[in-house]
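What follows is a short report on a single structure.
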Amino acid sequence: EKMADAKMQQQMQAAQRQSQKMQEMKMKREAMLKQILSPEANERLTRIGLVKPQMAEKVAEMMLRLASNGQIKSKVSEDQFKGYLEQINKESKPKTKITFARRRFADEDDDSEDYDDM
């Protein structure tokens, strides 16, 4: 029984360490985003995260990637941030295609009906 308790405790400690690492990574990410985003743009990202967490994640990843590649030289203004959002929206919107399949009935023929003689 002591072995089971010790193993359980080890698992709990490992989970706590994992959770702590995740928290540290999240804090580092947020600090990096604060460095590259203006306060307004950062606030907008936070609001997007409340409504669409996946979208906020995509935008944050893009911003960090651009910053690490040296493509962002100064703080991103809210207007620039909107531009990046639009770019991501265009990329992620599925192209909708509507096709109409007209069903034919057995008594229909392909010739057009001639109603002139009525």
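Worth a mention:
- When the Cα atoms of the chain are aligned to their principal axes, the ranges along those axes come out at 94, 56, 25 Å in descending order.
- Other residues whose C-beta falls under 13 angstrom from the C-beta of residue 64 contribute a net charge of +3, scoring Lys and Arg +1 and Asp and Glu -1.
- For residue 37, distant residues with modelled amide H under 5 Å away: 76
- Solvent-accessible surface of the chain, averaged per residue with a 1.4 angstrom probe and all protein chains in place: 91 square angstrom.
- Based on C-alpha pairs under 8 angstrom that are at least 6 apart in sequence, the chain has a relative contact order of 23 percent.
- Reach of residue 26 by Cα under 16 Å, taken over lysines that are not fewer than 8 positions away in the same chain: 34, 58
- The chain, accessible surface, carbon-and-sulfur percent (1.4 angstrom probe): 52
- Taking only the C-alpha atoms of the range 6-73, the Rg (one decimal) and the largest Cα-Cα distance, Dmax (whole number), read 15.8, 52 Å.
The values are calculated or read from the model by the stated rules, or taken from the named source; none is laboratory data. If you're wondering where the values come from, they're calculated on a predicted model, not measured in any experiment. Neighbour counts run over all protein chains shown; Cβ positions are idealised from the backbone, glycine included. When the accessible area is computed, the model is the full protein with side chains, heavy atoms only, and any ligands, DNA or RNA have been set aside. Shrake-Rupley method; radii C 1.70, N 1.55, O 1.52, S 1.80 Å.
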